[in-house]
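The values are calculated or read from the model by the stated rules, or taken from the named source; none is laboratory data. Since we're looking at a predicted model, the values are computed, not measured. Cβ coordinates were reconstructed from backbone atoms using ideal geometry, including for glycine residues, and neighbour counts include every protein chain displayed.
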Amino acid sequence: MSNRYAVILAAGQGTRMKSKLYKVLHPVCGKPMVQHVVDQITKLDIQEMVTVIGHGADKVKAQLGEASHYALQEEQLGTAHAVMQAQSMLEGKEGVTIVVCGDTPLIKAETMESLFRHHEELSAKATILTARIDNPTGYGRIIRNEEGLVEKIVEHKDATDAEREINEINTGTYCFDNVALFEALKNVSNDNVQSEYYLPDVVEILKKQGEVVTAYQTNELEETLGVNDRVALAEAERIMRNRINEQQMRNGVTIMDPANTYIETDVVIGQDTVILPGTIIKGKTVIGADCQIGPNTEIESCEIGDETVIRQSAAYKSLIGSRVNIGPFAHIRPDSDIKDDVKIGNFVEIKKAVFGEGSKASHLSYIGDAEVGKNVNIGCGSITVNYDGKNKFLTKIEDDVFIGCNSNLVAPVTVGKGAYVAAGSTITKDVPGSALSIARAHQVNKENYVDKLNQKK
Ligand code: UD1
Ligand code: MG
C-alpha cells in the first residue's frame with residue numbers, strides 16, 4: 001500500500017447557510033459536520049491529515065484539535081486554491097491523497113477505503129467518488145466520453161442545459177496521486193461563471209495529459225449529501241439520526257418511535273433499555289442496561305446506572321445511579337451525584353448536590369449545593385436556602401434524617417444523623433443528631449373569636 005494523505009476543505013463561509021456560525025461547524029446530531037468527516041478519516045490508515053481553514057479558522061482548529069494539521073486559506077478563491085494551501089506540507093510526497101469537503105458529514109470510512117482501493121488497483125492519477133441521484137441540482141456533473149470514460153467535471157452553474165440533464169454527480173471526495181495533484185493545481189484557472197479556482201478542473205487537466213482518470217460510483221447515496229443550506233442540513237440530520245437509532249437498536253436498545261427519538265453520536269446505551277418517544281439524549285451520555293427513559297425527556301452528558309427510570313424530565317452533566325426513579329417533571333442540574341435506589345419525584349429540582357443511597361425527595365423540592373446522606377426523606381415542598389443574594393452555601397443532611405414538609409434549611413447548616421425536622425420549620429442553626437427540631441411559631445387558638453367578630457357587625 002502506498003502512503004496516504006488527506007486534505008479536508010473547511011475554509012468556506014457557507015453563504016447559503018445564512019448563519020453567524022461557519023458552515024462546517026453546524027452540528028449534525030450534535031457533532032459539527034467537519035468533525036464527522038475527520039472522525040471517519042481517522043479510521044483510515046492515513047500518514048498525514050491537513051485541514052484547510054479560513055472562515056472561523058480558530059474555531060475550526062479549536063474543534064478539531066490535534067487530530068489534524070492545518071493550512072490557512074486567507075481568501076477563499078475556490079476549492080483548487082484551497083488544496084493549494086497544503087502545498088508546503090504535501091507537495092512532492094509520493095503517495096495518494098484523498099480530498100474531502102468538510103460539508104459532507106455523512107461520508108463513511110468504508111466508502112473512502114473502497115475509493116482508495118479502486119484508485120490504487122487502476123493505478124489512476126485521479127479517482128472521483130460519484131453517485132447517480134434523482135435531483136442533481138447544485139452538484140458538479142460527471143462528463144463521460146463515448147467510451148464511458150470520465151472526461152471532466154462541469155459545475156452546475158457552468159453547465160449547459162444538456163449537461164444539467166446528467167444525474168451522475170461529483171460527491172466532492174476524490175483520490176489523487178499526490179505528486180500529480182500539486183503539479184496539476186498550478187494549471188487550474190478561474191475562467192468560469194464564479195471566477196473561482198475549481199478543484200474538479202484537475203480531473204480534466206490530468207485527462208488531457210493522457211493520465212488515467214476514473215470514477216468510483218457509490219450506491220450509498222445517503223453518504224454523498226453536500227450540505228450547503230439548512231434544508232440539506234435537516235436532511236443530513238434525519239439520515240444521521242436514522243443511522244444512530246438503527247445502530248442502537250441493533251445493539252439491543254428498544255426505541256419505541258425512532259422518528260421521534262434524538263440520540264447524539266457519542267451516546268452509549270445498554271441492552272434492554274427502552275427509550276420512549278420525544279426523548280433527546282445528548283453529549284457524552286452513558287446509560288446502563290434495563291433502564292426506561294422518556295417519554296419527553298432530555299438528558300445531556302449524564303452517566304446513568306442500570307434499571308433506572310426517568311420520565312418527562314431533564315438531566316444535565318450529572319451522575320445518576322442504578323434503580324433510581326426520577327420524574328415525572330424533575331430537573332437534575334449539573335454536578336449532581338445521585339446514588340443508587342434514590343427517588344426524585346415530581347417538580348423536584350436538584351443542583352450540585354450529592355443525594356445518598358435510598359434517599360427520597362418525592363414532591364415539590366429544591367435541593368441545591370447540598371450533601372444528602374443515605375435513607376433521608378425530604379418532605380413535600382422542603383427546600384435548601386442556599387443563596388443570600390451574593391454567595392452560595394452548603395446544606396448538609398446526614399444519614400437517616402427526616403425533613404418534614406415545607407421546611408426551609410437556611411445554609412450553611414447541618415442536620416445531624418437521624419434527626420427530625422418538624423414540618424414548616426425554618427432551620428437556621430445546626431440540628432444535632434437524633435434531635436427533633438421545631439422552628440416555627442407556636443399555634444394559638446382563640447376560641448369563639450369569629451362569632452364575636454360577627455356580633456360586632
Ligand atoms: C463542490 C464541488 C462540486 C461537488 C460538490 C459536492 C467545486 C468547485 N465544486 O461544490 O463539484 O458536486 O462540492 O458537495 O469544488 N472551500 C474552501 N475554500 C474555498 C471554497 C470552498 O475551503 O475557497 C470548502 C468549503 O468550506 C466546503 C467545500 O470546500 O467545505 C466545498 O465548497 P462548496 O462551496 O460547498 O462547494 P459546492 O458548491 O458544494
Ligand atoms: Mg458544498
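Summary of computed values
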{"read-out": "Out of Glu146, Glu211, sole residue that is free of Cβ contacts under 8 Å to residues at least 40 places away in the same chain and assigned to a loop (DSSP other than H, G, I, E, B)", "value": "Glu146"}
{"read-out": "Residue match in region 30-39 (condition: within 23 Å of Thr111 (Cα to Cα), surrounded by fewer than 21 Cβ atoms within 10 Å (Cβ to Cβ) and not acidic (Asp, Glu))", "value": "yes"}
{"read-out": "Gly56 being at positive phi and assigned by TED's automatic domain parsing to the domain that holds Ala10", "value": "yes"}
{"read-out": "Any pair with Cβ under 8 angstrom, 6 or more apart, that starts in region 14-29 at a residue that is part of a loop (DSSP other than H, G, I, E, B) and ends at one that is among the aromatic types (Phe, Trp, Tyr)", "value": "Gly14/Tyr22; Cys29/Tyr262"}
{"read-out": "Number of positions in region 262-294 that are touching an Asp or Glu at 6+ places or on another chain (Cβ under 8 Å), assigned to a loop (DSSP other than H, G, I, E, B) and in contact (Cβ under 8 Å) with a residue 60 or more places away in the chain", "value": "1"}
{"read-out": "Pair list, Cβ under 7 Å, 6 or more apart: region 82-94 residue in the same structural domain as Gly172 (by TED's automatic domain parsing) and in contact (Cβ under 8 Å) with a residue 12 or more places away in the chain, other residue in a loop (DSSP other than H, G, I, E, B) and surrounded by 20 or more Cβ atoms within 10 Å (Cβ to Cβ)", "value": "Ala82/Ala11; Ala82/Gln73; Val83/Leu199; Gln85/Gln73"}
{"read-out": "Residue match in region 427-435 (condition: touching a Gly at 6+ places or on another chain (Cβ under 9 Å) and either in a strand (DSSP E or B) or among the acidic types (Asp, Glu) (or both))", "value": "yes"}
{"read-out": "Boolean, Leu149 is assigned by TED's automatic domain parsing to the domain that holds Glu196, surrounded by 18 or more Cβ atoms within 10 Å (Cβ to Cβ) and more than 16 Å from ligand 2 (Cβ to nearest atom)", "value": "no"}
{"read-out": "Residues that are over 21 Å from Asp191 (Cα atoms) and among the aliphatic types (A, V, I, L, M), drawn from region 74-103", "value": "Ala86, Met89, Leu90, Val96, Ile98, Val99, Val100"}
{"read-out": "Candidate set from region 40-55 (those that are near ligand 1 (Cβ under 10 Å from one of its atoms) and more than 14 Å from Tyr5 (Cβ to Cβ)); member that is surrounded by the fewest Cβ atoms within 10 Å (Cβ to Cβ)", "value": "His55"}
{"read-out": "Residues satisfying the stated conditions in region 85-119, i.e. farther than 25 Å from Arg238 by Cβ and within 16 Å of ligand 2 (Cβ to nearest atom)", "value": "Val99"}
{"read-out": "In region 115-132, residue nearest to Thr218 (Cα to Cα) [restricted to those that are touching a residue at least 12 places away in the same chain (Cβ under 8 Å) and part of a helix (DSSP H, G or I)]", "value": "Leu115"}
{"read-out": "Tyr174 being within 16 Å of ligand 2 (Cβ to nearest atom), in contact with a helix residue (DSSP H, G or I) (Cβ under 6 Å, 6 or more places away or on another chain) and not assigned by TED's automatic domain parsing to the domain that holds Ile280", "value": "no"}
{"read-out": "Some residue of region 58-67 being crowded, with 21+ Cβ neighbours inside 10 Å, within 16 Å of ligand 2 (Cβ to nearest atom) and in contact (Cβ under 8 Å) with a residue 12 or more places away in the chain", "value": "yes"}
{"read-out": "Residues satisfying the stated conditions in region 1-13, i.e. within 14 Å of ligand 2 (Cβ to nearest atom) and either buried (at least 23 other Cβ atoms within 10 Å of the Cβ) or among the aliphatic types (A, V, I, L, M) (or both)", "value": "Ile8, Leu9, Ala10, Ala11, Gly12"}
{"read-out": "Flag if Glu204 is in a helix (DSSP H, G or I) and at negative phi", "value": "yes"}
{"read-out": "Whichever residue in region 96-117 is crowded, with 17+ Cβ neighbours inside 10 Å and in contact with a Phe, Trp or Tyr (Cβ under 8 Å, 6 or more places away or on another chain) and, among such residues, is nearest to Arg230 (Cα to Cα)", "value": "Val99"}
{"read-out": "Region 118-145 - residue that is in contact with a strand residue (DSSP E or B) (Cβ under 7 Å, 6 or more places away or on another chain) and small (Gly, Ala, Ser) and, of those, farthest from Val203 (Cα to Cα)", "value": "Ala131"}
{"read-out": "Residues within region 162-196 that are assigned to a loop (DSSP other than H, G, I, E, B) and either touching a Pro at 6+ places or on another chain (Cβ under 6 Å) or aromatic (Phe, Trp, Tyr) (or both), tallied", "value": "1"}
